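The values are calculated or read from the model by the stated rules, or taken from the named source; none is laboratory data. Predicted model only: the values in this text are computed from it and were never measured. Neighbour counts run over all protein chains shown; Cβ positions are idealised from the backbone, glycine included.
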Amino acid sequence: MKKAVIVRDYTIPANDFTIAGEASSNVRKILTQLGVSPNVVKRASIAMYEAEINAVIHGKGGNAHVEIDENKIYIVISDEGPGIADLELAMQEGYSTAPDSIREMGFGAGMGLSNMKKHADILDIDTEVNRGTTVHITVYFNSDKKI
Amino acid sequence: MKISEIAQAINGEILTKNHDNELDIKSACSADLMSDVMAFSKENAMLLTGLINPQVVRTAEMMDMKVIVFVRGKKPTESMIELAEEKGIALIATEYPLFEASGRLYEKGIQGSGEN
């Protein structure tokens, strides 16, 4: 792996819906300033934002670690929440364990994980019940994946 | 359509100060569920919604949307207006319900998807 050019770490606060998305917004700005193509910027930001929202909703907050080199952005979102009991089920569109309070905020429709997969070039999820979840998202700058 | 024309078509009030009125908005999506906006909306430049919370502005930002129309007389909070101004997103409020606001804009040529 080539040395990362830009490394950023963010804390994702627990249950604070007002500032959720701040990390993704910041990364989006960095990618735009680097001149990354709008399609890639959008895909990386949506995948990261979905993961960030999930960490707020399910994971009692967590951390975001971002590495950008000349070819790709690699994003790691980790939480110490309840973990995902059945990952295959959770990947299905429409499956959600989000509480009503989150649905009232316009989220929790069970689209987040599948949407991350759709936008990322590589998506890896490590999860363990009662230990937490770590999502690894890679988006290549020269990727022509369309959304 | 220009932002001022959009506001006019739905008797809307533009709530943000620094919008770019040279922008030509061609497409929109209407939804109260931000999860679906992110999962299903493609290259739309405008969001119509009845949902009020800061994540509506965030979702629009991630989706490259330039305009949010709040329907059914819903008004965004001051902090949402500030966030939108910071992100260069125009906010418009209208009394029309979601269907009617969408219909009026569709009638003026706004499409369901397309280029910004």
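The residues of segment A:103-120 that are over 14 Å from A:Ile84 (Cβ atoms) and buried (at least 17 other Cβ atoms within 10 Å of the Cβ), listed by number, are A:Met105, A:Gly106, A:Phe107, A:Gly108, A:Ala109, A:Met111, A:Asn115, A:Lys118, A:His119, A:Ala120.
Total residues in segment A:27-40 satisfying the condition of being modelled with pLDDT of 95 or more and either within 9 Å of chain B (Cβ to nearest Cβ) or within 22 Å of A:Ala109 (Cβ to Cβ) (or both): the figure is 1.
Could you say which residue among A:Thr32, A:Thr97, A:Thr18 is free of Cβ contacts under 8 Å to residues at least 24 places away in the same chain and either buried (at least 23 other Cβ atoms within 10 Å of the Cβ) or in a loop (DSSP other than H, G, I, E, B) (or both)?
Details: A:Thr32 fails: either buried (at least 23 other Cβ atoms within 10 Å of the Cβ) or in a loop (DSSP other than H, G, I, E, B) (or both); A:Thr97 fails: free of Cβ contacts under 8 Å to residues at least 24 places away in the same chain.
From the options A:Thr32, A:Thr97, A:Thr18, the qualifying one is A:Thr18.
Only one entry in B:Glu61, B:Glu100, B:Glu86 is in a helix (DSSP H, G or I), more than 12 Å from every other protein chain (Cβ to nearest Cβ) and either touching a Cys at 6+ places or on another chain (Cβ under 6 Å) or not β-branched (Val, Ile, Thr) (or both), namely B:Glu100.
For A:Asn63, the conditions (1) under 21 Å from A:Asp144 (Cα atoms); (2) surrounded by 14 or more Cβ atoms within 10 Å (Cβ to Cβ) all hold with the exception of (1).
Of the residues A:Ile73, A:Ile102, A:Ile84, the single one that is more than 14 Å from chain B (Cβ to nearest Cβ), touching a residue at least 40 places away in the same chain (Cβ under 8 Å) and outside any strand (DSSP E or B) is A:Ile84. Among the residues making up segment A:41-68, those that are more than 10 Å from chain B (Cβ to nearest Cβ) and of a type in the set (Val, Ile, Thr) are A:Ile57, A:Val66, A:Ile68. Here A:Phe141 fulfils each of the conditions (1) over 15 Å from B:Asp36 (Cβ atoms); (2) at pLDDT below 95 apart from (2).
Applying the selection to segment A:40-70, what residues are among the β-branched types (Val, Ile, Thr) and assigned to a helix (DSSP H, G or I)?
In the first step, residues of segment A:40-70 are kept if they are among the β-branched types (Val, Ile, Thr); the result is A:40-41, A:46, A:53, A:56-57, A:66, A:68.
Passing the criteria: A:Val40, A:Val41, A:Ile46, A:Ile53, A:Val56, A:Ile57.
Take B:Asn53 and decide whether it is within 14 Å of chain A (Cβ to nearest Cβ), of a type outside the set (A, V, I, L, M) and touching a strand residue (DSSP E or B) at 6+ places or on another chain (Cβ under 9 Å). No.
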